[in-house]
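Asks: Sending over a structure as structure tokens; questions will come in a sec.
The values are calculated or read from the model by the stated rules, or taken from the named source; none is laboratory data. Keep in mind that this is a model prediction, so the values were computed, not measured. Using ideal geometry, Cβ is built from the backbone for each residue, glycine included, and neighbour counts are taken over all protein chains shown. Please note that ligands, DNA and RNA were not included when accessible areas were found on the heavy atoms of the full protein model with its side chains. Shrake-Rupley method; radii C 1.70, N 1.55, O 1.52, S 1.80 Å.
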Amino acid sequence: NSYDTLDLARVSQLPIKAYPERKISLEAMEHFGVRSSTNENDGSSAEHFYPYFDEYGKISGYKRRVLPKQRFDSVEGSKIKGFFGQNKAVGDNFVILLEGEHCTLAAYDMMKFLRPDRSPYNVVSLPHGADENGILDQTTKKGLEWLGKFKKVILMCLKKMIQDLKMFNSIQLI
């Protein structure tokens, strides 16, 4: 299947499936709304579509990952805003910030295993990872203001990225 011309409405109709190759549960994929296209030859996932939401809770776009890890891009008409998983964050106690969507899904499963009595689990990832020097882009830096509402921000990112994040004095880092 070629999904190069998929629009947001068509992507939202794709199924949600577990990702056994990365040991990511169906529950995590459902929680974050990650959609999958299917490889017609063997029934495995061919692409994943990670939803991003605007400040009103409406899907503003999808990042697409061609599997196994050939490339990342955005679905036509997408406006990637905020953090992946930001729409699922509840309260202001803590948030875990990661560098990628797969890490966010894995962290959700990890928290569910370690602390089943403590849901919801506020785990989010940056919309764009750092560059080769660990430097964040301007769009990501603008989105960091949202982190200021949390009492604790737990960073699980590249060391250079953590240094860049420390520039934001309103964020208490752990």
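Asks: What base-10 log of the normalised intensity I(q)/I(0) is obtained for segment 22-111 from the Debye formula, alpha carbons as equal point scatterers, at q = 0.10, 0.23, 0.24 Å⁻¹?
Replies: -0.26, -1.31, -1.40
Asks: Taking a probe of 1.4 angstrom, what is the accessible area of His31 in Å², to the nearest 10?
Replies: 50
Asks: Could you pull out which residues in segment 73-110 have an amide N less than 17 Å from a spot 7 Å beyond the Cα of Tyr56, following the Cα-Cβ vector?
Replies: The answer is 78-82, 87.
Asks: How much accessible surface does Ser78 have with a 1.4 Å probe, in Å² rounded to 10?
Replies: It works out to around 30 Å².
Asks: Step through the table entries Lys17/Lys151; Lys58/Lys152; Lys79/Lys152, compare each Cα-Cα distance with 31 Å, and write down the pairs that go over it.
Replies: Exceeds cut-off: Lys17/Lys151.
Asks: Still on this model: Using a 1.4 angstrom probe with every protein chain in place, what is the largest-first accessible-area order of Tyr19, Tyr56?
Replies: From most accessible down to least: Tyr56, Tyr19.
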